[in-house]
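Everything below concerns the one structure shown next.
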Amino acid sequence: MTELEAKIRTEAARLLSEGLVDVVVAFRKEDAPLRPQPAFFTNVEDLENLVYNGLCANNLANYLTRFPQETRIGMLVRGCENRSVNALVVEKQHSREKLTLIGIPCTGIIDWRKVVALTGEDILAYEDSAHTLTVRARHQTFALPRQELLHSSCLRCVHPNPLSADILLGEMLPEGDPALIRERVESFEALTRAERTAYFKQEAERCIRCYACREACPMCYCEECFVDHNTPRWTESGTTPAGTHAWHIIRAFHQTGRCTSCGACERACPMDIQMTYLTDKLGKDMWDSYQFAAGMDDQTQPPFASFTLDDKKHFQVGGKQS
Amino acid sequence: MKYILPKHELNALLERWSAEYAVLAPQKAGAYSEFLPFTAPSELCLEEPHNTRYPPKALFFPQSEAILKYKQNLGQLESIEAVPQKRVIFGIRPCDAKAVTLLDTVFAEGDNQDPFWLARRAETLLIGLGCNEPGATCFCTSTESGPFHTDGLDALLTDLGGEYLIELLSERAVGLFGGLTPANPTQQESVQNLQQAAEQALPKAFELDGLKDKLDRVFDQDVWAQLSESCLGCGICTFLCPTCFCFDLVDEAQRDTRVRNWDTCMFRVYSLEASAHNPRPTRKERTRQRLMHKYSYWWEHAGKLGCTGCGRCVRYCPVGLDIRAMLRKASAYESEALHAN
Ligand code: SF4
Ligand code: SF4
Ligand code: SF4
Ligand code: SF4
């Protein structure tokens, strides 16, 4: 057990035993190598199975909408998770008073695919430390520099610290460089139209429409997704280009001003499909047009969700022009 | 009969087959391998300790397939003929070949004679490659299969380092592999040792004996809610599974086409009825369905187990749910529950 894990367990035990929360959402020790599982802890004894390390890959805010509004939830949050929780509170998915956020400044999520690419699939055990991930495979033990293993979204992360945690565990980290995520979007924008189309097709057309990206995303909580709707149907049903293109474009659009660039969608995808280049582009547009970034507080409506009666309606024929 | 094929002759052999057959073999597609048409000189992915990411069931039962054309409002139907093509699927792993035989019990048994499945099946040879070193997520020896099992195969290759030992298993395969050198007794023995070592290296994932009864008995218990609490309800474990076969029929009216798409019991909408009633309303019922189908109902409808231990659902589940551990927990739950009563 690491020092941080011990602290998380102590806090979780306190919250549960003092009756301050009904459930603690965190991670459980893995069954399959490299894959700690999101878990709901409701009793103190079970906390001995709680783990926390760089392979805890899911955005736990995703589970917020699983619980009834009255449930008092304790939740482990890193920078992006805290922002997703904020965005969900803005959208009235849970009331902030019912949440106890246990914040952890995040040193980045390790992408298990990168580990596998460097070591092969035969991984039996691992140990995560400040700068190194030690991986034991059947014939060999590898000591891998952590920085080379981080998920691409984490490499461009701007806000690794939880913004509004109720309990903070661990040392605050320096903020990330906002130029990194901008540069990535700008390099996509700089491509010719044909190149952008080719890239989009190459990614989207590998899609098997398993919707893991949707299910892993905290902001995709619609009872009925447009893609499952059949009266009328909004997209072609199969894995044809028309079907996968529509899915990828509309899924991304629905994230406008809501996505926190956590990368959980890409980490869930079984086909290694890139999709944050679309949501990050929308994030940049939101910032450039409205100086808005999702989830920075739990009050401000995303630009496309707010309206006022004196809206200028630039986009409408006859709308006010300034 | 057992023969020897030096590895450096493999490409030439596949090229020779290509004159008569469409040859499909595992090749790199991004970070993973996939069955792709062989065109010389192709770099094959035969050394990996696991199977392709996307399951080869798709080569017989594509994820989306047009099965009927019609003219709206004219009452005209135009059937789509299954076009048989002579194919060799080379380098399929034993778990995946066995899965094809399991799907025969769905698409080609009794009254169920799916023309698309049958046409592809009849014209395809499966040439398998055994697994010298099964991966950490493989558990075929716990599911009535094994790293060198031959179910469904026309021939099985064993990697001996510099060469393959080939075991011919069907008449059709004899024609494919003409003119090879028979394996000598030393080679035959080293293959035997290698195969045994691989089988033994795989730990037992769970006890299959009596598992069905145990699962049946906990059908109503809370354990399914515990096991599925973090499940996302996505399509990964079932779409990538080589034995899952559920599909949905959709009329793509704008294309005048009826399409068959893979579907999955893990989706909420799968069991949602037109009345808005959902007999599997939560993840608990859906996860139970996935596990019970493979480990209980398959015995009932086909007299066989519905999982070949390929490990895909374990490797790619985005929340790390491991079917082996889920089955262990479900069967252990029974003893606790009975104890309490
Ligand atoms: S779209 Fe992807 S990156 Fe954005 S919030 Fe959802 S899971 Fe995170
Ligand atoms: S997770 Fe990947 S394969 Fe699945 S629907 Fe999303 S993009 Fe497609
Ligand atoms: S892959 Fe995992 S998360 Fe997705 S439905 Fe299967 S068990 Fe649930
Ligand atoms: S249930 Fe899992 S291990 Fe079994 S055949 Fe399907 S994907 Fe493979």
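The values are calculated or read from the model by the stated rules, or taken from the named source; none is laboratory data. Small disclaimer: the values here were computed from a predicted structure and weren't measured. All Cβ positions, glycine included, derive from the backbone under ideal geometry; neighbour counts span all protein chains shown.
Some observations on this one:
- You will find that of A:P174, A:P162, A:P105, the residue that is over 18 Å from the mean Cα position of the chain (by Cα) and assigned by TED's automatic domain parsing to the domain that holds A:E266 is A:P174 and no other.
- Just one residue in the set A:L191, A:L180 is modelled with pLDDT of 95 or more, among the aliphatic types (A, V, I, L, M), more than 13 Å from ligand 2 (Cβ to nearest atom) and not in a helix (DSSP H, G or I); that residue is A:L191.
- Number of residues in segment B:211-262 that are of a type in the set (D, E, K, R) and closer than 30 Å to B:Q76 by Cα: the value is 7.
- Restricting segment B:199-232 to residues that are small (G, A, S) and surrounded by fewer than 20 Cβ atoms within 10 Å (Cβ to Cβ), the residue that is nearest to A:Y63 (Cα to Cα) is B:A225.
- Only one of the numbered conditions (1) out of contact with any Ser or Thr (no Cβ under 8 Å at 6 or more places or on another chain); (2) within 14 Å of chain A (Cβ to nearest Cβ) is violated by B:I127, and that is (2).
- Single residue of segment A:219-247 satisfying the filter (within 11 Å of chain B (Cβ to nearest Cβ) and among the aliphatic types (A, V, I, L, M)) that is farthest from A:C259 (Cα to Cα): A:A242
- The lone exception for B:G233 - which of (1) more than 16 Å from ligand 1 (Cβ to nearest atom); (2) at positive phi it fails: (1)
- Remark: pairs (first residue in segment A:133-156, farther than 30 Å from B:N132 by Cα; second residue in a strand (DSSP E or B) and not polar (S, T, N, Q); Cβ separation under 6 Å; 6+ apart in sequence or on different chains) = A:R146/A:L133.
- Single condition A:R78 does not satisfy, out of (1) crowded, with 23+ Cβ neighbours inside 10 Å; (2) within 14 Å of chain B (Cβ to nearest Cβ); (3) under 22 Å from A:Y221 (Cβ atoms); (4) of a type outside the set (D, E): (2)
- Of all residues in segment B:104-124, one or more are without any contact (Cβ under 8 Å) to a residue 40 or more places away in the chain, of a type in the set (G, A, S) and in a strand (DSSP E or B).
- Any hit, segment B:318-330, residues being over 15 Å from B:C234 (Cβ atoms) and either among the hydroxyl-bearing types (S, T, Y) or more than 14 Å from chain A (Cβ to nearest Cβ) (or both): no
- In segment B:142-162, the condition of being away from ligand 3 (no atom under 16 Å from the Cβ), of a type outside the set (S, T, N, Q), within 14 Å of chain A (Cβ to nearest Cβ) and buried (at least 20 other Cβ atoms within 10 Å of the Cβ) is met by at least one residue.
- Of residues in segment A:201-216 being part of a helix (DSSP H, G or I) and buried (at least 18 other Cβ atoms within 10 Å of the Cβ), the one farthest from the other protein chains (Cβ to nearest Cβ): A:A204
- Criterion: assigned by TED's automatic domain parsing to the domain that holds A:D297, at positive phi and either among the hydrophobic types (A, V, I, L, M, F, W, C) or crowded, with 19+ Cβ neighbours inside 10 Å (or both) - qualifying residue of A:G263, A:G243: A:G263
- Residues (of a type outside the set (A, V, I, L, M, F, W, C), more than 6 Å from ligand 1 (Cβ to nearest atom) and farther than 16 Å from A:W287 by Cα) located in segment A:247-263: A:H248, A:R251, A:H254
- Filtering segment B:229-257 to residues that are facing chain A (nearest Cβ under 8 Å), more than 16 Å from ligand 2 (Cβ to nearest atom) and assigned to a strand (DSSP E or B) leaves B:V250, B:E252.
- Residues (free of Cβ contacts under 8 Å to residues at least 24 places away in the same chain and either assigned to a helix (DSSP H, G or I) or aromatic (F, W, Y) (or both)) located in segment B:186-228: B:T186, B:E189, B:Q192, B:N193, B:Q196, B:A197, B:Q200, B:D213
- Flag if B:D213 is within 13 Å of another protein chain (Cβ to nearest Cβ) and among the acidic types (D, E): no
- Taking the criterion of being in contact with a helix residue (DSSP H, G or I) (Cβ under 7 Å, 6 or more places away or on another chain) and away from ligand 3 (no atom under 12 Å from the Cβ), the residues of segment B:265-283 that qualify are B:V269, B:N278, B:P279, B:R280.
- Screening B:G175 on (1) surrounded by fewer than 18 Cβ atoms within 10 Å (Cβ to Cβ); (2) of a type outside the set (A, V, I, L, M, F, W, C); (3) over 17 Å from B:G128 (Cα atoms) shows it passes everything except condition (3).
- Residues being assigned to a loop (DSSP other than H, G, I, E, B) and either among the hydroxyl-bearing types (S, T, Y) or within 10 Å of another protein chain (Cβ to nearest Cβ) (or both) - total across segment B:48-79: 8
- Top-ranked residue of segment B:43-87 - restricted to ones that are touching a strand residue (DSSP E or B) at 6+ places or on another chain (Cβ under 6 Å) and of a type in the set (G, A, S), ranked as farthest from ligand 1 (Cβ to nearest atom): B:A66
- Where a residue in segment A:255-269 is more than 10 Å from every other protein chain (Cβ to nearest Cβ) and its partner, wherever it lies, is near ligand 1 (Cβ under 7 Å from one of its atoms) and of a type in the set (G, A, S), with Cβ under 8 Å and at least six apart: A:T260/A:S84; A:S261/A:S153; A:C262/A:S84; A:C262/A:S153; A:G263/A:S153; A:E266/A:S153
- Hey, A:I250 farther than 26 Å from A:G108 by Cβ, in the same structural domain as A:S84 (by TED's automatic domain parsing) and crowded, with 20+ Cβ neighbours inside 10 Å or not: no
- Test: B:R260 is farther than 30 Å from A:K114 by Cα, within 13 Å of another protein chain (Cβ to nearest Cβ) and either buried (at least 19 other Cβ atoms within 10 Å of the Cβ) or in contact with a Phe, Trp or Tyr (Cβ under 8 Å, 6 or more places away or on another chain) (or both): yes
- The residues listed here are B:T141, B:T158, B:T150; of these, the one that is assigned to a helix (DSSP H, G or I), polar (S, T, N, Q), touching a helix residue (DSSP H, G or I) at 6+ places or on another chain (Cβ under 8 Å) and at pLDDT 95 or above is B:T141.
- When segment A:271-299 is filtered for residues that are under 14 Å from A:D111 (Cβ atoms), crowded, with 19+ Cβ neighbours inside 10 Å and more than 14 Å from ligand 1 (Cβ to nearest atom), nothing remains.
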